[in-house]
Amino acid sequence: MHAVYDSIGTTYARSRRADLALVRSLAENLQLSSSGTYLDLACGTGNYTVALSSLGGIWSAADVSGTMLAQARAGSDAIAWVQAEADRLPFASSAFDGVICTLAIHHFSGLESPFSEVRRTLRSGPFVIFTGLAEQMRNYWLCHYFPEMMARSIEKMPSEEKIRDALSRTGFESATVAPFFVTNDLQDLFLYSGKHRPELYLAHDVRANISSFALLAAPGELQDGLARLTADIESGVFGSIKTQYASEAGDYAYITAWPDG
């Protein structure tokens, strides 16, 4: 993960802004309080850390990428920014009242070691994960235009069952899963942000800050897929393609887990 975001992290903040609706939902699931202490695990450029800290709490944030953290530190000096691996966190046991991790668990080499570290550093509050699920990603219309890229992405993305199992094995219980549906006005341009705005993917600057496009798409497939997508947008065929991938399972998910005991 270090090399991934040192590679694409230099322009990340241009299209990866904290979405206000997401921030509100994360704060609600986290049960954010002004006196609480919180950790943003794999914080990236700290866009969500900064937004959440403005709502309250004492915040720390950890990421493996120095490139990403350099941008994060420029955003706020009120947050303790720490460069660290997710499975070796330099925080005391029971240090936090809550932990969040947004759009990052698919970059972990495994889930149990990071989740164990989260459990160790939590007192009694929730661990809130925002992520895509492998089963949800099979319903992204991106699969029609970029099948090999999406197959690689889906292979890296844990399923709900795998996440639940890892949480259970690392000392969490009563995990809840709530779907998130991409809207037209989503401000954080992550992988399926263009669900209703396919023209977003035609912009190089947007694709450059999405790891699937930046790292998993072969040049030939990317060129062919963009050409087909452009033609389908212009002809109006895109609407019928999108309809074929409609799903009630959600596009992403909030997973909120509580430590046992």
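All of the numbers you see were taken from the coordinates with simple rules; none came from a lab. A quick note: this is a predicted structure, and the numbers were derived from the prediction, not measured. Methodologically, a virtual Cβ is constructed for each residue, glycine included, from the backbone with ideal geometry; neighbour enumeration extends over all protein chains shown.
A few remarks follow.
- The packing ranking of peptides 26-36, 229-239, highest mean first, is 26-36, 229-239, where packing means the average number of other beta carbon atoms within 10 angstrom of each residue.
- Note: relative contact order over the chain, using C-alpha pairs below 8 Å and six or more positions apart, is 22 percent.
- Cα-projected label distance for Ser35 with His196, points at 7 Å along beta-carbon direction, nm: 4.1
- Segment 112-216, relative contact order in percent, only Cα pairs under 8 angstrom and at least six apart counted: 28
- For segment 183-261, relative contact order (Cα pairs under 8 Å, six or more residues apart, normalised by length) works out to 22 percent.
- Our coupling estimate for segment 127-139, obtained by passing each phi through the Karplus curve with A = 6.51, B = -1.76, C = 1.60 and θ = phi - 60°, is 10, 10, 10, 10, 7, x, 10, 3, 5, 5, 5, 5, 9 Hz, Gly and Pro reported as x.
- Furthest towards positive pole of dipole, Leu167, Ala218, Thr183, structure part segment 154-220, Cβ charges: Ala218
- Virtual paramagnetic centre 7 Å along Cα→Cβ of Ser94, amide N under 13 Å, in segment 107-138: 120-125
- Of Ala249, Ala95, Ala151, farthest towards positive along the dipole that unit charges on Lys, Arg, Asp, Glu beta carbons give the chain: Ala95
- Projecting the Cα atoms of Ser25, Gly44, Gly194 onto the charge dipole of the chain, computed from C-beta unit charges around the Cα centre, puts Gly44 farthest toward the positive end.
- Exposure proxy order (Cβ contacts within 10 Å, fewest to most) of Leu186, Leu215: Leu215, Leu186
- The long axis of helix 112-121 is offset from the longest Cα principal axis of the chain by roughly 40 degrees.
- Take 133-140, 87-94 and order them by the average number of nearby Cβ atoms within 10 Å per residue, most first; the result is 133-140, 87-94.
- Rg and Dmax over the alpha-carbon atoms of segment 81-121 stand at 10.0, 26 Å.
- An ellipsoid equivalent to the chain, defined through the eigenvalues of its Cα gyration tensor, has semi-axes of 31, 19, 17 Å when rounded to whole angstrom and sorted largest first.
- What you get for segment 2-259, charging only the Cβ of Lys and Arg (+1) and of Asp and Glu (-1), is a dipole of about 260 debye around the Cα centre.
- Extending 7 Å from Cα along the Cβ direction at Ser113 and again at His204 yields two label points whose distance is 3.7 nm.
- Each peptide in 170-178, 150-158 was scored by the mean count of other Cβ atoms within 10 Å over its residues; highest first, the order is 150-158, 170-178.
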